[in-house]
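The values are calculated or read from the model by the stated rules, or taken from the named source; none is laboratory data. Because the structure is a prediction, the values reported are computed rather than measured. Ideal geometry is used to build each Cβ from the backbone, glycine not excepted, and the neighbour counts take in all protein chains shown. Areas reflect the complete protein model, heavy atoms only, side chains present, ligands, DNA and RNA absent. Shrake-Rupley method; radii C 1.70, N 1.55, O 1.52, S 1.80 Å.
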Amino acid sequence: MQTPNPLLAGLRGRCPNCGEGYLFDGFLKVAARCEACGYDLSKADSGDGPAVFVILIAGFLVSFAALFTEFTIHPPIWVHLIIWLPLTLVVCLGLLRPFKGVMLAAQFMNKASEARHDD
Ligand SMILES: [Zn+2]
């Protein structure tokens, strides 16, 4: 069996150990175990890392697009509101899951996990 690239597997929302089972149990909740290889995913915790990257990237993209639109077309404020607010939501939700998967895969690659009392 060929070992998958953990970062690509995490980007696709798959187990970083085998690349087959699902990493998430729901939209952002990490599954307790991989359903394909049984790898313990409960130790994985990405914290606020993915949210920070998503905020920075989405903030840059939407702010740049809104400013560019304002300075070139000068639309009324309601046009900004109906375009940029939903776009911000879509970009953030669209990026959050892949970024969380990549950060969890990076933890797997670097063998980092939360320190526990039973360790
Ligand atoms: Zn697996």
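See the values below:
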quantity	calculated
Carbon and sulfur %, accessible surface of the chain computed with the full protein complex present, 1.4 Å	66 percent
Total formal charge among the other residues, if their Cβ is under 13 angstrom from that of GLY13, Lys/Arg +1 and Asp/Glu -1	+2
Net charge over other residues, Cβ less than 10 angstrom from the Cβ of PRO4 (K, R count +1; D, E count -1)	+1
Built amide H within the under 5 Å cut-off of VAL30, gap 5+	ASP25
Among PHE24, PHE60, PHE71, residue whose mean-square fluctuation peaks in a GNM of the chain (springs only between Cα atoms under 10 Å)	PHE71
The chain: relative contact order as a whole-number percent, Cα under 8 Å and 6+ apart	35 percent
Radius 14 Å from Cβ of PHE99, net charge of other residues (Lys, Arg +1; Asp, Glu -1)	+2
Solvent exposure of the chain as accessible area per residue, Å², 1.4 Å probe	67 Å²
Simple spin-label estimate for PHE24 and VAL52 in nanometres, 7 Å along Cα-Cβ	2.1 nm
Percentage relative contact order, region 27-90, counting C-alpha pairs under 8 Å, at least six apart	21 percent
Computed P(r) (all Cα pairs; region 1-104; 5 Å bins; percent)	2, 13, 19, 18, 12, 10, 8, 7, 5, 4, 2, 0
